[in-house]
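Peer 1: Attaching a single structure in structure tokens format; questions to follow.
The values are calculated or read from the model by the stated rules, or taken from the named source; none is laboratory data. Just so it is clear, the model here is predicted, and its values are computed rather than measured. A quick note on method: Cβ atoms are made from the backbone with ideal geometry, for glycine too, and the neighbour counts reach across all protein chains shown. The accessibility values were calculated without ligands, DNA or RNA, using every heavy atom of the protein model including side chains. Shrake-Rupley method; radii C 1.70, N 1.55, O 1.52, S 1.80 Å.
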Amino acid sequence: MDTTADLLKTPLHSLHLELGARMAGFAGYDMPIQYKMGVMQEHLHTRANAGLFDVSHMGQILIRANSGNVRDAALALETITPVDVADLKPGRQRYGLFTNDKGGLEDDFMVANRGDHLYLVVNAACKHDDLARIEAALSDTCEIEAQFDRGLIALQGPAAEGVLSSYAPKAEDMLFMDVAELEIAGVPVVVSRSGYTGEDGYEISIPAEETDRIARLLLSDDHVAPIGLGARDSLRLEAGLCLYGNDIDETTTPVEANLKWAIQKVRRNGGARQGGFPGADVILSQFDNGASRLRVGLQPAGKAPVRAGAVLFAQETGGEAIGTVTSGGFGPSAGGPVAMGYVPAAMAAPGTSVFAEVRGKRLECAVAALPFVPSTYKR
Amino acid sequence: MLKFTEDHEWLKIEGDVATVGITEHAAEQLGDLVFVELPEVGAKLDKGGEASTVESVKAASDVYCPLAGEVTEVNQAIADDPSLVNSDPTGAGWFFKLKLDDAAAADDLMDEAAYKAMIG
């Protein structure tokens, strides 16, 4: 366990303490798990209004091609990711994956074309490995700048557009996955219309020394409440989004994880830039032949939450384990327990019954379509 | 007679029957409860044994049996509506009644002043 003294602090650390947050170590940072409102109300507030999340622990990385042409940086990045980066238009962002030679996932991230450079946001726990991975593959042709001390705030929920537009009117014109440089109270910030809650909203990248001031400004709006990592987890679970380290890791492939949509046709067999990324043989073979297991939604039949680590069985008694729950808990908006996990491909059809072992009892769950709560992205 | 445990349970002892619940401090630390699993009526429980499970949005926690005895009644109302434990932990949010094997064993538990001193 991390001891508090060893933990890093984000630019909003003193604000969290001032707001009465319950803090805990997460990916090496002392982070707010919940504020006084509590996980349940924070979750519901985000879906009904607007929530402000400190995600400054995540890693922000800029990549500039030595040639000056952003397409060269994109093509270089494609040697370590299976997604189509080169066709990403200026001002647009998409979901990305880093793979290993076995086809497993080393991390998931967001990548934006900022016109003259690429802007990546990677997971906190993976950011140093990701930086090393990018440097190893790209440093001959690109300049790589880690901005690990920079602030990053997510503003999520139906009121997010109105709140941010009151400071930066152009935020209103952005669509889901648009990225632009805007100004809030005189501070230039990089804004993407995205997030990880299933709600419409924004992520706002801010110079470290201005992050506290901007966060307080946004929180001064009556619609906005501070939201901790507890509700962030239940929101993303209801939205059917993967948590790296739980739902996806170095042993799960993009096809198994049901992330085929993240690998565009141009990188698949028959595409103009097919393959050419770590584990391409394994992953592209699974595109053609299917994977033996798949990530699915799991809807417990009863009221008891089914959590990560619960072992799955095909029958209520006897038989071998068929899979594992990778995320699970109570979904405040779903109004009951929700979970995700891996099952054999033959049992992945929605409606299929499986049983999760919880405290010695096998609880019935139905394979369910994801997300549990419809997304409200502004497309 | 009201007694408390280090695991944040309270016991209201009348004769050889104890009504058991979790303290206000415990309910606040756990946050909004979404699921409660109660013991079976007739179950014989040891002191310190797992008696019940409570779950918040984030996590599951055990409620331990504060003294040895037999469960004579459970509060189905908190299984139907776990939020009762948060709104009234020492009243309507009680968990179960226990016929104590040895009522005198309760003397070793903390009184309210000692419990309050423990949680600070």
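Peer 1: For the stretch A:243-251, state whether one or more residues are without any contact (Cβ under 8 Å) to a residue 60 or more places away in the chain and surrounded by 16 or more Cβ atoms within 10 Å (Cβ to Cβ). Give the steps one after another, and end with the answer.
Peer 2: First pass over the stretch A:243-251, keeping only residues without any contact (Cβ under 8 Å) to a residue 60 or more places away in the chain: none.
No, that holds for no residue.
Peer 1: Here's another thing I want to ask about it. If only one of A:A132, A:A180 is open to solvent by 10 Å² or more (accessible area, probe 1.4 Å), at pLDDT 95 or above and in a helix (DSSP H, G or I), which one is it? Reasoning before the result, please.
Peer 2: On the way: A:A180 fails: in a helix (DSSP H, G or I).
After applying the criteria, what remains is A:A132.
Peer 1: Inside the stretch A:241-282, can you point out the residues that are in contact with a Gly (Cβ under 8 Å, 6 or more places away or on another chain) and among the hydroxyl-bearing types (S, T, Y)?
Peer 2: Those that are in contact with a Gly (Cβ under 8 Å, 6 or more places away or on another chain) and among the hydroxyl-bearing types (S, T, Y): A:T251, A:T252, A:T253.
Peer 1: Sticking with this one: Could you tell me whether any residue of the stretch A:187-198 is in a strand (DSSP E or B), touching a residue at least 12 places away in the same chain (Cβ under 8 Å), over 19 Å from A:R232 (Cα atoms) and out of contact with any Asp or Glu (no Cβ under 9 Å at 6 or more places or on another chain)?
Peer 2: no
Peer 1: Go through (1) open to solvent by 80 Å² or more (accessible area, probe 1.4 Å); (2) assigned to a helix (DSSP H, G or I) for B:I78 and report which single condition fails.
Peer 2: (1)
Peer 1: Under 9 Å by Cβ, and 6 or more places apart or on different chains, what pairs join a residue from the stretch B:33-54 that is free of Cβ contacts under 8 Å to residues at least 24 places away in the same chain and acidic (D, E) with one that is buried (at least 16 other Cβ atoms within 10 Å of the Cβ) and in a loop (DSSP other than H, G, I, E, B)?
Peer 2: Filtered contacts from the stretch B:33-54: B:D46/B:C65; B:D46/B:A68; B:E50/B:P39; B:E50/B:C65.
Peer 1: Considering only residues that are without any contact (Cβ under 8 Å) to a residue 40 or more places away in the chain and either touching a strand residue (DSSP E or B) at 6+ places or on another chain (Cβ under 8 Å) or within 14 Å of another protein chain (Cβ to nearest Cβ) (or both), which ones fall in the stretch A:306-326?
Peer 2: Just the residues of the stretch A:306-326 that are without any contact (Cβ under 8 Å) to a residue 40 or more places away in the chain, to begin with: A:309, A:318-325.
Answer for the stretch A:306-326, where residues must be without any contact (Cβ under 8 Å) to a residue 40 or more places away in the chain and either touching a strand residue (DSSP E or B) at 6+ places or on another chain (Cβ under 8 Å) or within 14 Å of another protein chain (Cβ to nearest Cβ) (or both): A:G309, A:G319, A:E320, A:A321, A:I322, A:G323, A:T324, A:V325.
Peer 1: If you take the residues in the stretch A:252-289 that are more than 22 Å from the chain's Cα centre (by Cα) and of a type in the set (A, V, I, L, M, F, W, C), which one is most open to solvent (accessible area, probe 1.4 Å)?
Peer 2: A:A272
Peer 1: What are the residues in the stretch B:90-120 that are assigned to a strand (DSSP E or B), out of contact with any Lys or Arg (no Cβ under 9 Å at 6 or more places or on another chain) and among the hydrophobic types (A, V, I, L, M, F, W, C), if any?
Peer 2: The answer is B:F96, B:L98, B:L100.
Peer 1: Ok, one more. Test A:V343 against the criterion of being under 23 Å from B:E55 (Cβ atoms) and touching a residue at least 24 places away in the same chain (Cβ under 8 Å), and give yes or no. Before the answer, list the steps.
Peer 2: Details: under 23 Å from B:E55 (Cβ atoms): no; touching a residue at least 24 places away in the same chain (Cβ under 8 Å): yes.
Judged against the criteria, A:V343 is not a match.
Peer 1: Look through B:L33, B:L45, B:L67 and report the one residue that is more than 14 Å from chain A (Cβ to nearest Cβ) and over 12 Å from the mean Cα position of the chain (by Cα).
Peer 2: On the way: B:L33 fails: more than 14 Å from chain A (Cβ to nearest Cβ); B:L67 fails: over 12 Å from the mean Cα position of the chain (by Cα).
Answer to the check: B:L45.
Peer 1: Specify which of the listed residues (A:K127, A:K89) is open to solvent by less than 10 Å² (accessible area, probe 1.4 Å) and of a type in the set (K, R). Walk me through it before giving the result.
Peer 2: Details: A:K89 fails: open to solvent by less than 10 Å² (accessible area, probe 1.4 Å).
Answer to the check: A:K127.
Peer 1: So, of the residues in the stretch B:1-40 that are part of a strand (DSSP E or B) and of a type in the set (D, E), which turns out to be least open to solvent (accessible area, probe 1.4 Å)?
Peer 2: Keep residues of the stretch B:1-40 that are part of a strand (DSSP E or B), which gives B:2-4, B:9-14, B:17-22, B:33-37.
Those still in the list that are of a type in the set (D, E) too: B:9, B:14, B:37.
On the way: B:E9: 4, B:E14: 111, B:E37: 50 Å².
Looking at the filtered set, the residue picked out is B:E9.
Peer 1: Restricting to strands (runs of 3 or more DSSP E) lying wholly in the stretch A:290-379: which have 3 or more residues that are open to solvent by less than 40 Å² (accessible area, probe 1.4 Å)? Steps first, please.
Peer 2: Values: elements: A:293-300, A:311-313, A:321-331, A:336-344, A:353-358, A:361-368.
Where strands (runs of 3 or more DSSP E) fall fully within the stretch A:290-379 and carry at least 3 residues being open to solvent by less than 40 Å² (accessible area, probe 1.4 Å), they are A:293-300, A:321-331, A:336-344, A:353-358, A:361-368.
Peer 1: When the stretch A:252-286 is examined, which residues are found to be touching a residue at least 60 places away in the same chain (Cβ under 8 Å), assigned to a helix (DSSP H, G or I) and closer than 30 Å to A:V338 by Cα?
Peer 2: Across the stretch A:252-286, the qualifying residues are A:A262, A:I283, A:Q286.
Peer 1: Now, a different point. Scan the stretch A:99-119 for residues that are among the hydrophobic types (A, V, I, L, M, F, W, C) and free of Cβ contacts under 8 Å to residues at least 60 places away in the same chain and jot them down. Please lay out each step first, then the result.
Peer 2: Residues of the stretch A:99-119 that are among the hydrophobic types (A, V, I, L, M, F, W, C), as a first pass: A:105, A:109-112, A:118.
A:F109, A:V111, A:L118, listed by residue number.
Peer 1: Right, another one. What number of residues within the stretch A:1-22 satisfy the criterion of being open to solvent by 40 Å² or more (accessible area, probe 1.4 Å) and over 22 Å from the mean Cα position of the chain (by Cα)?
Peer 2: Matching residues across the stretch A:1-22 total 11.
Peer 1: Among all residue pairs at least 6 apart or on different chains, which show Cβ distances below 6 Å where the first residue, located in the stretch A:123-150, is farther than 25 Å from A:E210 by Cα and the second is assigned to a helix (DSSP H, G or I)?
Peer 2: So the pair list comes out as A:L138/A:A76; A:T141/A:A76; A:C142/A:A73; A:C142/A:A76.
Peer 1: Tally time: how many residues in the stretch B:48-64 are within 12 Å of another protein chain (Cβ to nearest Cβ) and part of a loop (DSSP other than H, G, I, E, B)?
Peer 2: So the count comes out to 3.
Peer 1: Only one of these conditions is not met by A:V187: (1) in contact with a helix residue (DSSP H, G or I) (Cβ under 7 Å, 6 or more places away or on another chain); (2) farther than 25 Å from A:A231 by Cα; (3) open to solvent by 50 Å² or more (accessible area, probe 1.4 Å). Which number is it?
Peer 2: (3)
Peer 1: Right, next: Can you pull out every residue in the stretch A:213-242 that is more than 23 Å from A:M177 (Cβ to Cβ), charged (D, E, K, R) and either in contact with a strand residue (DSSP E or B) (Cβ under 8 Å, 6 or more places away or on another chain) or surrounded by 22 or more Cβ atoms within 10 Å (Cβ to Cβ) (or both)?
Peer 2: A:R213, A:D221
Peer 1: Hey, among A:G59, A:G51, A:G68, A:G25, which residue is on the phi > 0 side of the Ramachandran plot and either open to solvent by 70 Å² or more (accessible area, probe 1.4 Å) or of a type outside the set (D, E) (or both)?
Peer 2: Details: A:G59 fails: on the phi > 0 side of the Ramachandran plot; A:G51 fails: on the phi > 0 side of the Ramachandran plot; A:G25 fails: on the phi > 0 side of the Ramachandran plot.
Within the list A:G59, A:G51, A:G68, A:G25, the selection yields A:G68.
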